[in-house]
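To start, the structure itself, in structure tokens.
The values are calculated or read from the model by the stated rules, or taken from the named source; none is laboratory data. Note that the coordinates shown come from a computational prediction; the quantities given were computed from them, not determined experimentally. FYI the Cβ positions are ideal-geometry reconstructions off the backbone, even for glycines, and counts take in every protein chain you see. Note: accessible area is taken over every heavy atom of the protein model, side chains too, but ligands, DNA and RNA are not part of it. Shrake-Rupley method; radii C 1.70, N 1.55, O 1.52, S 1.80 Å.
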Amino acid sequence: MKKIIASLCAACLLVGCAVAAKSSEESGEQGDSVQTLSEDTEEEAFQELFDIRAEGIDYLSVEGIELPPGVNVAMVGKDSGSDYWKEVKKGAEQAVQDINKALGYTGEEEIELTYDAPSDEDIAEQIDIIDQMLDKSPDALIISFVDVNSGSTQLELAESNGVPVLSVDSSVENSLIVSEIKTDNYQAGAETARQLAALIGDSGQIALLIHSSETETGIERERGFTEEIRQNHPDIEIVNVAYQDQDERSTDDIVASVLSEYPALKAYQAMNEDTTQALLSALSMYAPEDRELIVTGFDASQKEAEAIEEGSLAGTVAQNPYGMGYAAAVAALRSVAGMENAPVIDTGYTWISADELSKPSAQLLIY
């Protein structure tokens, strides 16, 4: 959960001043204008500003969920080193804390969340982790699939053992998935296209840098982006699409090649946090100083927010990783309790540019 610069006091009144500035420990700065709020207050602010509902179910609430003591929910993320996935995990942990508080469980009675993730979105490592989780017989399993073609054996094993499986962030096409908790990646990709088109006057050459051709997030964001451009922006030409997981070259080499081959390039779009940061780094080295190039990104890390503030990043489509984790845990707990769930739970997205950066809703999405 994130914080808000204290100069936003007027905006904070919208939620009873329930959002606050980045802590001095993170920013390295201290002063009268900086204020840190408690986790409880930040939680209240988040509840005020965001709403994750599907089929009339509030997925930011544990109210009404009844469970026996000792239930264990397992969650498998995509990348153990990613700040984004740390935020997803934090949201899921908060939901479990909230259900324990609601049910009065302490000690050995507590509902537990077991979390693990592979390094660098390694497919084989993720499958091993899923197998290990299933060996421990969890009451529910949440997975963010690295590869859209993976996990069918594990899903069948879970089903045969009565373990409901939910997906978070990235899913696979499989009828055994109880519920998908994710951003509408197609629409989010289309939104980035619309924002970028407006920034370049709806004409010119653009390029895409995509993190993966094998994960749902990469596939759907690219599809939404390219279809929006081709259907509604005929004077914009996508001259290059590169995939980090397919291209043997480094991002630096990819970007240097694109800049050399397309001297009239007007904009570059990256499709997740890592590609956005890698793209900005490459452009800082290889883009001529006299060449104006619009860069738009995806996700909302602190580094991306700083890039927006300094002007090197024109804007980014922010997901809601904390809310995604919370909603995924709530959906899993509901499954264990025998309650209904929506098949798809859309956790939303928000365009953040310099104009939106100071808004409470944007600041709470920065991680």
Q. Helix 321-336: angle to the longest alpha-carbon principal axis of the chain, degrees 0 to 90, nearest 10?
A. 30
Q: Take the solvent-accessible surface of the protein heavy atoms, probe 1.4 Å, and return the percent of it on the chain that carbon and sulfur atoms account for.
A: 42
Q) How big is the C-alpha Rg of segment 176-239 next to the rule-of-thumb value 2.2 N^0.38 Å, as a ratio? A) 1.22
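Grab the Cα-Cα distance for SER312 and VAL241, subtract it from 0.36 nm times how many residues apart they are, and report the gain in nm with one decimal.
So the extension gain works out to 23.5 nm.
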Q. Roughly speaking, what is the stretch gain from ASP51 to GLU356, that is 0.36 nm per residue apart minus the C-alpha to C-alpha distance, in nm to one decimal?
A. 107.9 nm
Q. With point charges of +1 on the Cβ of Lys and Arg and -1 on the Cβ of Asp and Glu, referenced to the Cα centre of the chain, which listed residue (PHE145, TYR349, SER170) lies farthest in the positive direction of the dipole?
A. TYR349
Q: Report, in debye and to the nearest 20, how large the dipole of the chain comes out about its Cα centre when Lys and Arg carry +1 and Asp and Glu carry -1 on their Cβ.
A: 660
Q. If we sort 283-293, 141-151 on the protection proxy, mean other Cβ atoms within 10 Å, highest first, what's the order?
A. 141-151, 283-293
Q) Using Cα atoms only, what is the angle between the long axis of helix 83-103 and the major principal axis of the chain, expressed in degrees (0 to 90) to the nearest 10? A) 30
Q: Could you work out the local net charge near PRO288, counting Lys and Arg as +1, Asp and Glu as -1, over the other residues with Cβ closer than 15 Å to its Cβ?
A: -2
Q) Using +1 on the beta carbon of Lys and Arg, -1 on that of Asp and Glu, and nothing else charged, what's the dipole of segment 291-346 about the Cα centre, debye to 20? A) 240
Q. With each pseudo-label sitting 7 Å past Cα toward Cβ, what's the ARG223-LYS303 distance in nm, one decimal?
A. 3.0
Q: Take each of the peptides 180-186, 198-204, average the number of other beta-carbon atoms within 10 Å over its residues, and list them starting from the highest.
A: 180-186, 198-204
Q. What's the extension gain from GLU109 to VAL344 if we count 0.36 nm per residue and subtract their Cα-Cα distance?
A. 81.5 nm
Q. How far, in degrees from 0 to 90, does helix 39-49 lean away from the longest principal axis of the Cα atoms of the chain, to the nearest 10?
A. 70
